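In what follows, a single structure is set out as structure tokens and then discussed.
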Amino acid sequence: MAEKSDAITKVSKALLNQLNEAIARELQVAIQYMWQHVQWGGVKGFAVHDELKSIGIAEMKHAEAIAERLFYLGGIPTTKPTPIFVGNTLKEMIQRDVKDEEGAITLYKQITEAAIKEGDVTTAFLFKQILQQEEDHHDTFTTLLEDL
Ligand SMILES: [Fe+2]
Ligand SMILES: [Fe+2]
């Protein structure tokens with residue numbers, strides 16, 4: 001597929017690469033949470049099960065929204081997730097998920113700042129919205145972890 005090059009907003013290759021890094025991470029956690037949702041076990045899993053499913057679906061929507069923005073800006077969205085970690089115990093799963101949400105929060109703050117510097121307010125606005133949801137996910141996972 002040809003790259004789009006008619007966007008009014010022009011951004012650096014570095015920012016496009018960061019958007020692709022974000023997509024790779026969103027794809028990773030969408031699959032990770034889905035498989036954790038499938039493989040949950042034990043009584044405590046009941047509390048976690050539905051959250052993993054709904055957060056997994058939210059991550060897929062993030063991947064799509066970022067991919068649409070990247071494509072508009074002239075980039076090609078990656079199809080490759082960063083390495084997926086499912087885990088064996090519920091505690092192991094949620095510990096890793098907390099770390100992945102922290103990683104997303106750090107990256108999305110960087111992307112928001114970079115986008116503002118480059119005058120791309122739309123990307124900054126998109127990532128501010130997603131960042132708010134990642135902070136919610138982080139809060140959910142850390143709260144769940146307290147009882148595991
Ligand atoms: Fe996300
Ligand atoms: Fe998240």
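The values are calculated or read from the model by the stated rules, or taken from the named source; none is laboratory data. Predicted model only: the values in this text are computed from it and were never measured. For neighbour counting, all protein chains shown are included, and Cβ atoms are generated from backbone atoms with ideal geometry for every residue, glycine included. Calculation scope for accessible area: heavy atoms of the full protein, side chains included, ligands and nucleic acids excluded. Shrake-Rupley method; radii C 1.70, N 1.55, O 1.52, S 1.80 Å.
Which one of these is more than 16 Å from residue 70 (Cα to Cα) and not in a helix (DSSP H, G or I): 147, 100, 136? Exactly one residue qualifies, and that residue is 147.
Only one of (1) open to solvent by 20 Å² or more (accessible area, probe 1.4 Å); (2) away from ligand 1 (no atom under 16 Å from the Cβ); (3) more than 19 Å from residue 20 (Cα to Cα) is not met by residue 122, so which one is it? Every listed condition holds for residue 122 apart from (3). A residue that is farther than 24 Å from residue 50 by Cβ and more than 11 Å from ligand 2 (Cβ to nearest atom) occurs nowhere in region 84-105.
Taken over region 50-82, residues that are aliphatic (A, V, I, L, M), part of a loop (DSSP other than H, G, I, E, B) and open to solvent by less than 30 Å² (accessible area, probe 1.4 Å) amount to 1.
Looking only at residues in region 16-63 that are of a type in the set (Lys, Arg) and within 11 Å of ligand 2 (Cβ to nearest atom), the one that is farthest from the chain's Cα centre (by Cα) is 61.
Taking the listed residues 98, 29, 43, the one that is of a type outside the set (Phe, Trp, Tyr), away from ligand 1 (no atom under 16 Å from the Cβ) and either open to solvent by 30 Å² or more (accessible area, probe 1.4 Å) or closer than 20 Å to residue 139 by Cα (or both) is 43, with no other qualifying. Selection over region 17-55 of residues that are of a type in the set (A, V, I, L, M, F, W, C), touching a helix residue (DSSP H, G or I) at 6+ places or on another chain (Cβ under 6 Å) and either modelled with pLDDT of 95 or more or under 30 Å from residue 122 (Cα atoms) (or both) gives a count of 9. Look at region 127-139: where a residue is more than 12 Å from residue 58 (Cβ to Cβ) and a partner is near ligand 1 (Cβ under 9 Å from one of its atoms), sitting 6+ places away or on another chain with Cβ atoms under 7 Å, you get 127/108; 131/108; 138/101. Tell me, yes or no, whether region 78-97 has at least one residue that is within 15 Å of residue 21 (Cβ to Cβ) and among the hydrophobic types (A, V, I, L, M, F, W, C). Within region 78-97, not a single residue is within 15 Å of residue 21 (Cβ to Cβ) and among the hydrophobic types (A, V, I, L, M, F, W, C).
When the test is whether a residue is at pLDDT below 95, buried (at least 17 other Cβ atoms within 10 Å of the Cβ) and away from ligand 2 (no atom under 13 Å from the Cβ), residue 144 passes it.
Are any of the residues in region 8-16 of a type outside the set (Phe, Trp, Tyr), within 14 Å of residue 144 (Cβ to Cβ) and at pLDDT below 95? No, region 8-16 contains no residue that is of a type outside the set (Phe, Trp, Tyr), within 14 Å of residue 144 (Cβ to Cβ) and at pLDDT below 95.
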